[in-house]
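Asker: Structure below; questions to follow.
The values are calculated or read from the model by the stated rules, or taken from the named source; none is laboratory data. Since we're looking at a predicted model, the values are computed, not measured. Here Cβ is always computed from backbone atoms with ideal geometry, including for glycine, and neighbour counts include all displayed protein chains. For the accessible areas, the whole protein counts, side chains as well, though only heavy atoms, and no ligand, DNA or RNA atoms are used. Shrake-Rupley method; radii C 1.70, N 1.55, O 1.52, S 1.80 Å.
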Amino acid sequence: ANDPSQLHALTRQAAEQATRESTDMNSNSSRSHTLFRLHIEGRNKLSKQTVSSVLSLVDLAGSERVSKSNCKGDRFEEAKNINSSLSSLGTCVKALAENNAHVPYRNSKLTYLLHSALAGSGKTAFLVNISPEAASAGESICTLRFAEYLKRVKCV
């Protein structure tokens, strides 16, 4: 997009394509991850120097225990794909937190797209959401463990 109206049209189109469905765990469950990437470029008119950056905003669909969400058919396949990509993300974050020589970014489209955000020289902030409900304690504990690994990742 080259101007704000084009950007607005693109974000509206993306929002319209986002899939939401009801499950036994969530009445308005996001059925996919959302990745918004804004490439920014600035030029100094006097020195002709150009600088560029990328702002990535990511909304991860939450993991769901299929036995609790009671997903069937397409919802079951979505849940499997969501859980698989979140597992790959967790593997990458754990490898980064432990300073492993190899980080498996190519294990999923999500981790491949987030490679520069996770291991680049920029700044990354994560917000995690947990549920106060006792029935969701298992998912909340997994989320908090994931957040603990996130705290240990150091970008260079």
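Asker: What pairs come up if the first residue lies in segment 98-116 and is under 16 Å from VAL54 (Cβ atoms), the second is assigned to a loop (DSSP other than H, G, I, E, B) and open to solvent by 100 Å² or more (accessible area, probe 1.4 Å), and their beta carbons are under 6 Å apart, counting only those six or more places apart or on different chains?
Answerer: Pairs that qualify, where the first residue is under 16 Å from VAL54 (Cβ atoms) and the partner is assigned to a loop (DSSP other than H, G, I, E, B) and open to solvent by 100 Å² or more (accessible area, probe 1.4 Å): there are none.
Asker: How many residues does segment 6-35 contain that are open to solvent by less than 60 Å² (accessible area, probe 1.4 Å) and at pLDDT 85 or above?
Answerer: 1
Asker: For segment 129-153, give me the residue count where each residue is open to solvent by 50 Å² or more (accessible area, probe 1.4 Å), touching a residue at least 40 places away in the same chain (Cβ under 8 Å) and not in a helix (DSSP H, G or I).
Answerer: The number of residues fulfilling the criteria is 1.
Asker: Could you please tell me which pairs satisfy a Cβ distance under 7 Å, a separation of 6+ or placement on different chains, a first residue in segment 1-21 that is within 18 Å of ILE82 (Cβ to Cβ), and a second residue that is exposed (fewer than 10 other Cβ atoms within 10 Å of the Cβ) and at pLDDT below 80?
Answerer: ARG20/ASN28
Asker: Now for a separate question. Starting from residues that are among the charged types (D, E, K, R) and in a helix (DSSP H, G or I), keep the ones in segment 81-122 and report whichever is most open to solvent (accessible area, probe 1.4 Å). I'd like the intermediate steps shown before the answer.
Answerer: We begin by selecting, within segment 81-122, every residue among the charged types (D, E, K, R); these are 94, 98, 106, 109.
Next, only the ones that are in a helix (DSSP H, G or I) stay: 94, 106, 109.
Values: LYS94: 86, ARG106: 202, LYS109: 171 Å².
In this case the residue turns out to be ARG106.
Asker: So, in segment 42-78, exactly how many residues are assigned to a helix (DSSP H, G or I) and touching a residue at least 24 places away in the same chain (Cβ under 8 Å)?
Answerer: Residues flagged as assigned to a helix (DSSP H, G or I) and touching a residue at least 24 places away in the same chain (Cβ under 8 Å) within segment 42-78 amount to 4.
Asker: Follow-up question, since we're still on this one. Can you tell me which of (1) small (Gly, Ala, Ser); (2) open to solvent by 80 Å² or more (accessible area, probe 1.4 Å); (3) under 12 Å from the mean Cα position of the chain (by Cα) is the one SER52 doesn't meet?
Answerer: (3)
Asker: Could you tell me whether segment 137-150 includes any residue that is touching a helix residue (DSSP H, G or I) at 6+ places or on another chain (Cβ under 8 Å) and of a type in the set (Gly, Ala, Ser)?
Answerer: no
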